[in-house]
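Heads up: the structure comes next, in structure tokens.
All of the numbers you see were taken from the coordinates with simple rules; none came from a lab. Predicted, not measured: the structure shown is a model, and the values here were computed from it. Ideal geometry is used to build each Cβ from the backbone, glycine not excepted, and the neighbour counts take in all protein chains shown.
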Amino acid sequence: MTSPAGTAEHGARLDVRRLRKVYTGRGEPVEAIRELTFEVKAGELVCVVGPSGAGKTTLLRCMAGLMPATDGQVVLGDTAISGPPRGMAVVLQEYGRSLFPWMTVAENVELPLKEKGLPKGERKQKVRDALEAVGLADVPGSYPWQLSGGMQQRVAIARAAAYEPQVLLMDEPFAAVDAQTRFDLEDLVRSLWQRLGVTVVFVTHDIDEAIYLGERVLVLSARPTVILEEVHVDLGAERTQLTTRSDPEFAQLRTHVYELVQAAKRGVRTVEEAHLTHPAHIGGDA
Ligand code: ADP
């Protein structure tokens, strides 16, 4: 199979510096994010977990340049983000709303390539490669509404992959698909990540998913959000749903992150306060 990466550049570094977000509207201001500072290295896959309402989506939208921060900044490579930057692709949970229903699968995948100004022949080739990479080579002429939810999400991933972004941001992309499809899509993300060398930030509320996918898991506190802990995941590059998830290290990491998230729900804001039963340094220098 041809790699959809083609001549893709390697991923870019993302720096989140003292990011703060306060929603101000008609009612009381809501301080969603108090202060977040972290770095995602070029080509790294980092997952973000935290309780519901912790500010995960807010963080991702600020990182994507879809919403201005109140304070602090997000720096992509050397440039502070002030709007959706070139070289970044975003995949959201609501696949139903992210694809254009009046366009075929192939047209949906091709659209950002047109915006990128690629010539027709190259666009067609990249669309074919990307659809093949996500296992949808046989439905380029179908419309999104003719496909299952899982297939639609594959189209969204193919669109992001064909664009060859330096950074891929994903916000709970598999929350609405069935468990089996979810496993397949997780493997798809890891294989695309490995092939494209893209920097990935993946937001999920699913602890197992975060550990299975990530090289690192950022655990957020409850609102107003700070980072409770950065957990390093040392499960190796080659992961499979069966062996990785039954690895004792995986189980330890799950317990550790689960306890952190439970502590976050109780309002705990530092690891010291969390009184973990598995506080050991698991999987590296976490
Ligand atoms: P998560 O993705 O972790 O569930 P969100 O980022 O969606 O969390 O929300 C974080 C907090 O910010 C929540 O308390 C939510 O109610 C609040 N919030 C989100 N969007 C808005 C908005 N547009 N206006 C006011 N408050 C908001």
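Give the calculated FRET efficiency between GLN194 and GLU28 to the nearest 0.05, with a Förster radius of 45 Å applied to their Cβ-Cβ distance.
For GLN194 and GLU28, the calculated efficiency is 0.50.
Give the calculated FRET efficiency between TYR143 and ALA179 to the nearest 0.05, with a Förster radius of 25 Å applied to their Cβ-Cβ distance.
It comes to 0.45.
Compute a Gaussian network model of the chain, connecting alpha carbons closer than 10 Å, and tell me which residue from GLU35, GLU273, GLU94 fluctuates the most.
Answer for the Gaussian network model of the chain: GLU273.
Based on the alpha-carbon gyration tensor of segment 194-251, what equivalent-ellipsoid semi-axes (square roots of 5 times the eigenvalues) come out, in whole Å, largest first?
22, 15, 9
Just to confirm the filter: which chymotrypsin sites (Phe, Trp or Tyr not before Pro) across segment 52-153 are DSSP coil and have at most 16 other Cβ within 10 angstrom of their Cβ?
Hits after loop and neighbour filter: TRP102.
Using 7 Å Cα-to-Cβ label points, what is the LYS114/ASP187 separation (nm, one decimal)?
3.5 nm
For ARG266 and SER82, what is the calculated FRET efficiency with R₀ set at 41 Å and r taken between the beta-carbons, to the nearest 0.05?
Rounded to the nearest 0.05, the efficiency is 0.65.
Give me the net charge of GLN152's neighbourhood, meaning all other residues with Cβ under 12 Å from the Cβ of GLN152; Lys, Arg count +1, Asp, Glu -1.
Combined, the nearby Lys, Arg, Asp and Glu give +2.
Excluding same-chain pairs closer than 8 in sequence, count the lysine pairs in the chain whose Cα atoms lie under 22 Å apart.
Summing the qualifying lysine pairs gives 8.
Which order results if SER98, SER191, SER142 are arranged by neighbouring Cβ count within 10 Å, fewest first?
Fewest to most other Cβ atoms nearby, the residues stand as SER191, SER142, SER98.
Of THR204, THR24, THR255, which has the largest mean-square fluctuation in a 10 Å C-alpha GNM of the chain?
In the Gaussian network model the winner is THR24.
Test of understanding: what is the full-extension gain from GLU230 to LYS41, defined as 0.36 nm times their sequence separation minus their Cα-Cα distance?
Difference between extended and current length: 66.7 nm.
Give me the percent relative contact order of segment 29-139, please, defined on Cα pairs under 8 angstrom at least 6 residues apart.
Relative contact order, segment 29-139: 13 percent.
Excluding ALA137 itself, what net charge comes from residues whose Cβ is under 10 Å from its Cβ, given Lys and Arg +1 and Asp and Glu -1?
Result for the neighbourhood of ALA137: -2.
Under a crude label model (7 Å from the Cα following the beta-carbon direction), how far is GLU107 from GLN73 in nanometres?
For GLU107 paired with GLN73, the spin-label model returns 4.1 nm.
Using a simple spin-label model with points 7 Å from Cα along the Cα→Cβ vector, what separation in nm is obtained for GLU132 and THR240?
Label-label distance for GLU132 and THR240, simple model: 2.5 nm.
I need LEU276, LEU253 ordered by Cβ neighbour count within 10 Å, fewest first.
So the residues, fewest neighbours to most, are LEU276, LEU253.
By the scheme Lys and Arg +1, Asp and Glu -1, what is the net charge of all other residues having a beta-carbon under 10 Å from that of LEU36?
Neighbourhood net charge equals +4.
Can you tell me what the convex hull of the Cα atoms of the chain projects to on average, as an area in nm²?
The directionally averaged projection comes out at 15.5 nm².
Using 0.36 nm per residue of separation minus the Cα-Cα distance, give me the extension gain between ASP208 and THR277 in nm, one decimal.
My answer for the length gained is 23.0 nm.
Roughly how many Å is it from the Cα centre of segment 129-146 to that of segment 17-93, as a whole number?
After rounding, the separation between the Cα centres reads 31 Å.
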